[in-house]
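Written below as structure tokens is the structure these notes are about.
The values are calculated or read from the model by the stated rules, or taken from the named source; none is laboratory data. This is a predicted model, so every value here is computed, not measured. Cβ placement follows ideal geometry from the backbone for every residue including glycine, while neighbour counts extend to all protein chains displayed. Remember, those area values only see protein heavy atoms, side chains included, never the ligands or the DNA or RNA. Shrake-Rupley method; radii C 1.70, N 1.55, O 1.52, S 1.80 Å.
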Amino acid sequence: MTTLSALKSQIVDDLARTDLTTPIADAITAAINFYKPKFFYFNQSRAATFSTVADQSSYGVGDDADIPLFVKIDEVFITDSGSNVFPLKHYQHERMEVLLDTNAATGRSFAYSYYEKKFYLYSIPDAVYTIRPTGLIERAAPATDGEADNVWMTEAFELLRCRAKAYLYLHTIHNSSRAMDMQVAERQALTALREGNARTRRGQIEPTQF
């Protein structure tokens, strides 16, 4: 079982240093934060849903904890009481603001915008509908050293191992040559994860800025 504790121990062994407990933890955190907004097969989501409320146009963390975690939205679907599913159009938020301010019609929503980590819907819902966004969502870092089945540890262990060591060699140990070696290893680990990305995109690789 791979855990945050296991990753820390692996890096201690790799570096043969037992005096870098805090820097290692910080480097792992920095590595996770760097990759959180990147596309991987394990941070796609189609499971987040929330219910609308009549006459409520905006929806945030209070309506569903996943709403503020979306980094990229592919599609948003609405399901009515008859289980009919419709895609919502994406509107720029400037257009949504005008509609909500000047033409506040109600009914089954046909458009959405995403702004300040909230969904805005138009027409303003007149009843309870189910909204299901799909796209890229932030996956949380492990809450504890022993947390089991965290995706960053189970899916991206080698990637984080390499990036954290590159960070340590560059910023803590001050060995630029070894930092460059780790950057090469990081690219190799990233390529392996991109192969998983490609399988989810039917053979099309999603470019990721390194």
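Quick one: angle between helix 176-200 and the longest Cα principal axis of the chain, in degrees between 0 and 90, rounded to 10, please.
It is inclined by approximately 40 degrees.
At 1.4 Å probe size, with no ligands or nucleic acids counted, give the accessible surface of H171 in Å², nearest ten.
So the heavy atoms of H171 present about 100 Å² to solvent.
For the chain, what does the accessible surface come to per residue with a 1.4 Å probe? Please give it in Å².
Numbers: 11200 Å² over 210 residues.
Value for the chain: 53 Å² per residue.
At a 1.4 Å probe radius, which order do Y59, Y91 fall into by accessible area, largest first? Could you put the intermediate results ahead of the total?
On the way: Y59 0, Y91 25 Å².
My answer, sorted largest first, is Y91, Y59.
With the Cα gyration tensor of the chain giving a ≥ b ≥ c as the square roots of its eigenvalues, does the rule (a/c under 1.5 for rounded; else a/b larger than b/c for prolate; else oblate) give rounded, prolate or oblate?
Values: a/c = 2.70, a/b = 2.54, b/c = 1.06.
The shape class here is prolate.
List, in order, the whole-Hz ³J(HN,Hα) value for each residue of region 56-66 obtained from phi through the Karplus relation with A = 6.51, B = -1.76, C = 1.60 and θ = phi - 60°; use x for Gly and Pro.
Once θ is set to phi - 60°, the couplings for region 56-66 become 10, 9, 10, 9, x, 4, x, 8, 6, 5, 7 Hz.
Could you give the angle, 0 to 90 degrees to the nearest 10, between helix 93-102's Cα long axis and the longest principal axis of the Cα atoms of the chain?
Roughly 30 degrees, rounded to the nearest 10.
Relative contact order, percent, of the chain when contacts are C-alpha pairs under 8 Å separated by at least 6 residues? Please list the in-between numbers first.
Values: 343 pairs, mean separation 59.5, N = 210.
The value is 28 percent.
Among all the lysines, which ones have a C-alpha under 17 Å from K8's C-alpha, if same-chain residues fewer than 8 places away are not counted?
The qualifying lysines are K165.
For a quick check of your reading of the filter: which trypsin sites (Lys or Arg not before Pro) in region 1-97 sit in a DSSP loop and have no more than 14 other Cβ atoms within 10 Å? Before the final figure, lay out each step's value.
Values: sites: K8, R17, K38, R46, K72, K89, R95; in loops: R17, K38, R46.
Of the trypsin sites (Lys or Arg not before Pro), the ones in loops of region 1-97 whose Cβ has at most 14 other Cβ atoms within 10 Å are R46.
Just want the answer: with Cβ charges of +1 for Lys and Arg and -1 for Asp and Glu, which residue in F157, V128, Y167 is farthest toward the dipole's positive end in region 119-194?
Positive-end residue among those listed: Y167.
For the chain, what is the mean residue ellipticity at 222 nm derived from helices alone (per DSSP H run of n ≥ 4: -39500 (n - 2.57); sum divided by total residues; nearest 500 deg cm²/dmol)? Walk me through the numbers on the way to the answer.
Working: 6 runs with 78 residues, N = 210.
So the helix-based figure for the chain works out to -12000 deg cm²/dmol.
Under a point-charge model restricted to the Cβ atoms of Lys and Arg (+1) and Asp and Glu (-1), what is the dipole moment magnitude of the chain relative to its Cα centre, in debye to the nearest 20? Walk me through the numbers on the way to the answer.
Numbers: 22 positive and 26 negative charges, 135 e Å.
For the chain, the charge dipole is close to 640 debye.
Give the residue list of GluC sites (Glu not before Pro) in region 87-190 that are DSSP loop and have at most 12 other beta-carbon atoms within 10 angstrom. Spell out each step's value before the answer.
Working: sites: E94, E97, E116, E138, E147, E155, E158, E186; in loops: E116, E138, E147, E155.
Taking region 87-190 and a limit of 12 other Cβ atoms within 10 Å, the loop GluC sites (Glu not before Pro) found are E116.
If one puts a single equal scatterer on every Cα of region 99-182 and applies the Debye formula without solvent, what log₁₀ I(q)/I(0) results at q = 0.15, 0.16, 0.18, 0.24 Å⁻¹?
Normalising to I(0) and taking log10 leaves -0.75, -0.78, -0.87, -1.12.
If you fit an axis through the alpha-carbon atoms of helix 4-15 and take the longest principal axis of the Cα set of the chain, what angle between them do you get, 0 to 90°, nearest 10?
Once rounded, one gets 30 degrees.
So who's got an amide H within less than 5 Å of the one on K72, skipping anything under 5 residues away but keeping other chains? H placed 1.01 Å off N, in plane.
L136
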